[in-house]
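Single-structure report; data block below.
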Amino acid sequence: MMDSKIDLLVIDDDDINIFIIKKIVEKTGYNINMVAKTNGQLAIEYLSSLSENGERFPQLVLIDINMPVLNGWEFLEAYDTLGVQDRVDMYMLSSSVYENDIEKAKTYATVKGFISKPLSINKLIELFDSLSQ
């Protein structure tokens, strides 16, 4: 267990999913600062403001694929244009079971993996543990 706070950004348009992730985060015992954005555009605006203000980027980002305004793939394209140097572990978190989505996730250097919904507490702890390595 890490003593320092972990900043987590969840990008998902489903309020129920966000609520469930928040509850799972609370059960991990980690000190987590979770921010949720309901589409990729809001997430890009949030990250841009962090960058402009010299604030710390989230170490972990969970990205839903199917969202309005800016979907998960479009978010990744926009994120690449931000020129962020911080190490950010990004995972696609989706109910999609399409093999092409899993394969597409592998084509992004910023994406470390693909997680199928629902997110489990064990998987989240595994992600948090991997951050401390």
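Read the figures in this text as sums done on the coordinates, not as results from a lab. On a predicted model such as this, the values are computed, not experimentally measured, just so you know. Reconstructed Cβ throughout: ideal geometry from the backbone, glycine too, with neighbour counts over all protein chains shown.
Observations on the structure shown:
- The chain, relative contact order [Cα under 8 Å, separation at least 6], %: 26 percent
- Convex hull of the chain built on C-alpha atoms - directionally averaged projected area, nm²: 7.6 nm²
- Database remark: amide H of Val10 closer than 5 angstrom to the amide H of Val35, Ala36, Lys37, Leu62 (H placed geometrically; neighbours at sequence offset of 5 or more, or on other chains; Pro and chain starts carry no H).
- Each peptide in 79-85, 40-46, 55-61, 12-18 gets a packing score, the mean of other Cβ atoms within 10 Å over its residues, and the list from highest to lowest is 40-46, 55-61, 12-18, 79-85.
- Rounded to whole Hz, the Karplus (6.51, -1.76, 1.60) HN-Hα couplings of the stretch 55-64, x for glycine and proline: 8, 5, 7, x, 7, 9, 10, 10, 10, 6
- Here's how it looks for Met90: its modeled amide H is under 5 Å from those of Val61, Lys112, which are all 5 or more places away or on a different chain.
- Lysine pairs with alpha-carbon atoms under 18 Å apart, the chain, spacing 8 or more or separate chains: 16
- Helical mean residue ellipticity (222 nm; -39500 (n - 2.57) per DSSP H run of 4+; nearest 500) of the chain: -12500 deg cm²/dmol
- Radius ratio Rg over Rh of the stretch 24-72, counting only Cα atoms, Kirkwood formula for Rh: 1.01
- Separation of alpha-carbon centers, the stretch 13-32 and the stretch 61-133, rounded to whole Å: 16 Å
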